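Have a look at the structure below, then the notes.
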C-alpha cells in the first residue's frame with residue numbers, strides 16, 4: 001500500500017488545490033441514481049444517457065483495466081476577477097463563472113504532470129480526466145473532496161461548490177481517504193432560488209428545466225423558462241450564488257490562462273458570426289467543446305435579447321425571425337414579442 005502523503009505533496013507543488021484518494025470499486029449507487037433519472041425522463045434528449053451502458057460508465061475499470069486507486073482532485077474557480085458592466089448600446093450575454101476560463105483544461109494539465117510522477121516513481125499506468133463521462137461527483141464524495149449539495153453539486157468546506165473536478169485512475173494501490181459524510185442539513189435555499197424549479201427533490205435535477213443544461217440543448221424554450229432566462233448566453237449559477245456554503249469562500253488569484261472568455265459576450269457579435277468564427281474566437285474554452293451546439297448558443301442569444309429589450313437590436317431580431325431554421329425563427333419572434 002503506497003502512502004498518499006508524497007503524492008499529495010507533489011500535487012500541491014504542481015498547483016492542485018486539493019487531492020484525496022479513493023478505491024476503484026464501481027459506483028453502484030451512482031448507477032442506480034442515473035437509471036432512476038433515465039426512467040423518470042429527467043435527462044435531455046441531447047445527453048444520451050439512455051444510450052449508454054450505465055453500469056460500465058460508473059466503473060472506472062472500464063477505462064483502465066486493472067485500476068486499483070483513484071486520485072481525486074479539485075480546483076477552485078472563484079477568482080478575484082470582476083464581471084464587467086454591460087454596455088447599453090451593445091447588449092451582452094452573461095457567461096457562467098466556471099466558463100470564464102477553461103479551469104478543466106488547466107486542472108487536467110496539472111494532473112498529467114502528477115501522473116508523470118506516478119509513472120516515474122511507482123511505474124503506474126494511469127488515465128487522466130476532468131469534465132468527463134466518468135462519475136466525477138461520486139468520486140469526489142467517496143474520496144472526501146466534498147459532499148453532495150441538494151443542487152447535486154459537490155460542496156467542499158474551503159471552496160464551497162466553486163470547484164472543478166479531476167481524476168487520475170491508477171493501477172497502483174494507494175492508502176485511501178474516508179468518504180465525506182457532510183450534508184446540507186435543513187437548508188433548502190438552492191431549491192427555493194432555482195428560477196425554473198428544476199431541483200424537484202434534494203439531489204435530483206429535472207434537467208429539462210435546468211438552465212445550465214438547457215444552454216446546450218437545441219429547441220424552442222418553453223415560455224415560462226424563457227421569461228426567467230434573463231440575459232444568459234451560457235450556463236447558470238443561481239443555485240450556487242444563493243448557497244450559504246459559498247458565502248465565505250475566499251476568491252483565488254487567477255491561475256488558468258487557457259481558454260479565456262470572460263464574464264460576458266456581445267450578443268450582436270454572437271448572432272453575426274459564423275460557427276467557424278465562433279469556434280476560432282472562443283477556442284480552447286468549454287463553450288466550443290465538440291459537444292457544444294452552436295445553434296443553441298444562437299438561440300440563447302435571441303432569448304437574452306428578448307429579456308434585455310434593447311430597441312437597437314430589433315433589426316437583428318427581424319432578420320432571425322425570417323431564418324430558415326424554425327427554432328431560431330420562433331425564438332426571434334418570441335424575443336420581438338417581449339418588446
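Coordinate-derived values only; no laboratory data. Not measured: the values here are computed from a predicted model. No Cβ is skipped: glycine too gets one built from the backbone with ideal geometry, and neighbour counts run over all protein chains shown.
The table below gives the values:
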| read-out | value |
| --- | --- |
| Over the chain, relative contact order from alpha-carbon pairs under 8 Å, at least 6 apart, % | 22 percent |
| Along each principal axis, Cα extent of the chain, largest first, Å | 67, 40, 37 |
| Mean Cβ count within 10 Å, highest first, over the residues of peptides 259-270, 175-186, 299-310 | 299-310, 259-270, 175-186 |
| Contour excess over end-to-end distance, with Cα ends at residue 183 and residue 242 and 0.36 nm allotted per residue | 19.6 nm |
| Global geometry of segment 163-214, whether rounded, prolate or oblate, following the gyration tensor of its Cα atoms and the 1.5 cut on a/c | oblate |
| Normalised per residue, the volume of the convex hull around the Cα set of segment 36-118 (Å³) | 175 Å³ |
| Burial order of peptide ranges 205-213, 49-57 (average beta-carbon count within 10 Å, highest first) | 205-213, 49-57 |
| When the convex hull of its Cα atoms is projected in every direction, mean area for segment 77-177 (nm²) | 8.5 nm² |
| Tensor-based shape of segment 121-225 (alpha-carbon gyration tensor, a/c under 1.5 rounded, otherwise prolate or oblate) | oblate |
| Residues of segment 137-172 with amide N under 20 Å of the 7 Å Cα→Cβ point at residue 121 | 143-145, 166-172 |
| Contact order relative to length of segment 86-149, as percent, for alpha carbon pairs under 8 angstrom and 6 or more apart | 22 percent |
| Packing-based order for 322-330, 118-126, 91-99, using average beta carbon neighbours within 10 Å, highest first | 91-99, 118-126, 322-330 |
| Degrees, to the nearest 10: 294-308 long Cα axis against longest axis of the chain | 60 degrees |
| Degrees separating the helix 4-14 axis from the principal Cα axis of the chain, which is the longest one | 40 degrees |
| Relative frequency of Cα-Cα separations exceeding 22 Å in segment 189-337, percent | 46 percent |
| Kirkwood Rh, Cα atoms: Rg over Rh of segment 183-262 | 1.01 |
| Cα gyration tensor category, rounded, prolate or oblate, for segment 281-325 with a/c compared to 1.5 | prolate |
| Cα long-axis angle, helix 28-39 against the chain (0 to 90 degrees, to the nearest 10) | 20 degrees |
| Whole-number percent relative contact order across segment 114-241, with pairs defined as alpha carbons under 8 Å at least 6 apart | 23 percent |
